[in-house]
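What follows is a single structure, written as structure tokens, with notes after it.
The values are calculated or read from the model by the stated rules, or taken from the named source; none is laboratory data. It should be emphasised that the depicted structure is a prediction, and the values quoted were computed from it without experimental measurement. Cβ: placed from backbone, ideal geometry, glycine included. Neighbour counts: every protein chain shown. Side chains are part of the model used for accessible areas, which takes the heavy atoms of the whole protein and leaves out ligands, DNA and RNA. Shrake-Rupley method; radii C 1.70, N 1.55, O 1.52, S 1.80 Å.
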Amino acid sequence: AITGKRNLVIATGTGSGKTETFIYPIVNHLLRELESGTLKKPGVRALLLYPMNALANDQIARLRTIAKRFPEITFGRYTGETDQEHKDALQSYRIFHNNEDPLHNELICRDQMRDTPPHILFTNYAMLEYLLIRPVDSRLFGGGHWRFLVLDEVHTYSGALGVEIAMLLRRLKERVVQSEQGKLQCIATSATLGGGEKDFPKIASFASDLFGE
């Protein structure tokens with residue numbers, strides 16, 4: 001479904017492969033860009049949005065194992081924990097990863113990501129608010145290559161928070177695709193959303209309202 005450019009909600013249990021259902025198609029898209037020669041043009045292609053840093057850290061570790069094979073694909077995590085300068089970020093990385101160095105294609109500090117935005121960007125919704133308003137981060141939203149918008153743990157975005165996130169996503173879409181529907185492929189995941197096939201229409205309606213697609 002994702003390789004067919006459909007928007008999708010992935011609602012299935014913990015440990016059943018939700019991450020792989022969107023990571024592999026995103027990597028596939030980037031490899032096709034590599035083949036066509038467009039990957040060398042700077043700019044974010046996929047935004048992976050998480051409700052908390054711990055989830056972003058876990059997911060980027062899973063991408064890291066895949067990214068080892070594809071050094072042309074860059075990725076980075078931009079959260080409140082991300083250091084400004086490379087020397088500080090490298091020290092933090094080594095402490096957190098048993099004195100290992102990052103992959104060549106992993107951007108680990110704010111300076112790197114502002115200078116050359118990663119193809120795959122990990123962040124949380126609180127940081128995305130800041131990124132959208134700070135001029136120094138404006139390059140993250142340029143380039144015209146945005147393609148994927150992924151929300152993990154989407155069941156957390158209900159009630160007042162859901163309204164806030166829906167507005168945040170609309171601001172993002174205005175910034176990167178001038179609010180044109182269908183330009184961004186929207187993917188949501190959850191281990192607890194819905195109770196089976198009978199809830200599919202309700203889940204689809206919820207996601208449609210959230211993403212504005």
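Working ranking of peptides 150-157, 23-30 by packing, defined as the average number of other Cβ atoms within 10 Å per residue, highest first, is 150-157, 23-30. In percent, rounded to a whole number, the relative contact order of segment 117-198 is 36, using alpha-carbon pairs under 8 Å and six or more apart. Axis of helix 53-67 versus longest Cα principal axis of the chain: the two differ by about 70°, to the nearest ten degrees. Which values of log₁₀ I(q)/I(0), to two decimal places, follow from the Debye formula for segment 17-69 at q = 0.24, 0.28 Å⁻¹ with a uniform point scatterer at every Cα? Taking Cα atoms of segment 17-69 as identical point scatterers yields -1.06, -1.24. Computed from Cα atoms alone, the Kirkwood hydrodynamic radius reported for segment 88-213 is 16.6 Å.
Carbon and sulfur atoms: what percent of the 1.4 Å accessible area of segment 94-213 do they account for?
Answer for segment 94-213: carbon and sulfur cover 53 percent of the accessible area.
The angle between the Cα long axis of helix 200-211 and the main principal axis of the chain comes to about 50°, on a 0 to 90 degree scale.
One way to sum up the overall shape of the chain is the equivalent ellipsoid from its Cα gyration tensor, whose semi-axes run 27, 19, 18 Å, largest first.
Against the main long axis of the alpha-carbon atoms of the chain, helix 18-36 sits at an angle near 60°.
Provide the per residue accessible area, probe 1.4 Å, for the chain, rounded to a whole number of square angstrom.
50 Å²
Given Lys40/Lys68; Lys18/Lys198; Lys5/Lys40; Lys68/Lys173; Lys18/Lys87, which pairs have Cα atoms separated by over 26 Å?
Numbers: Lys40/Lys68 18 Å; Lys18/Lys198 20 Å; Lys5/Lys40 22 Å; Lys68/Lys173 30 Å; Lys18/Lys87 34 Å.
Pairs exceeding the cut-off: Lys68/Lys173; Lys18/Lys87.
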